[in-house]
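Below: the structure, in C-alpha cells.
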C-alpha cells in the first residue's frame, strides 16, 4: 500500500511541476487570503480549517516540502464557496459521479479544485465539493 501512496504522491507532484503556474495566473473564483502559520499548524489542518485541500494550497505557494512549514510563514489560501464540504474520493468515483451525487456542476468541481487535464483523481484524494441546495 505504501508503494501506491508513494506513486500517487509523485503523480501529484508531477502535476504541480507540469503546470507550474504563478499564483497570478490561476483564476480564483472566490478570492484568496493570506494566513500566518501558527505553532503546531500543518497544511492538512489549515486546509480543513478553510475547507480547501493541501493540493489547492500548494498550487498557490512555493512550498518545497509540504511536510515542513514554519510558524510565522505566510501562505496564500484559495477560498472555497461558502457551503463547500471536503469529500474524500472513493474507489470507482469520477469527477462526474461526485458532481452528480452532490448536484453541482462538473465545471465548478474542476474549477474550485484547480484541476488540470486529464483531470485524474484517486482514492483518498480530498476534493472541495459545493453541494446544491436543492
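Nothing in this text is a laboratory measurement; each read-out follows from the coordinates by a stated rule. Small disclaimer: the values here were computed from a predicted structure and weren't measured. Glycine also receives a Cβ, built like all others from the backbone with ideal geometry; neighbour counts cover every protein chain displayed.
Annotations
- Listed by Cβ neighbour count within 10 Å, with the fewest neighbours leading, 67, 93 appear as 67, 93.
- Gain upon complete extension [residue 110, residue 70; 0.36 nm per residue less C-alpha separation]: 11.4 nm
- Order of 68, 116 - criterion: other Cβ atoms within 10 Å of each residue's Cβ, fewest first: 68, 116
- By the count of other C-beta atoms within 10 Å, a proxy for reagent exposure, 55, 90 are ordered fewest to most as 90, 55.
- Using a simple spin-label model with pseudo-atoms 7 Å out from Cα toward Cβ, residue 83 and residue 63 lie 2.9 nm apart.
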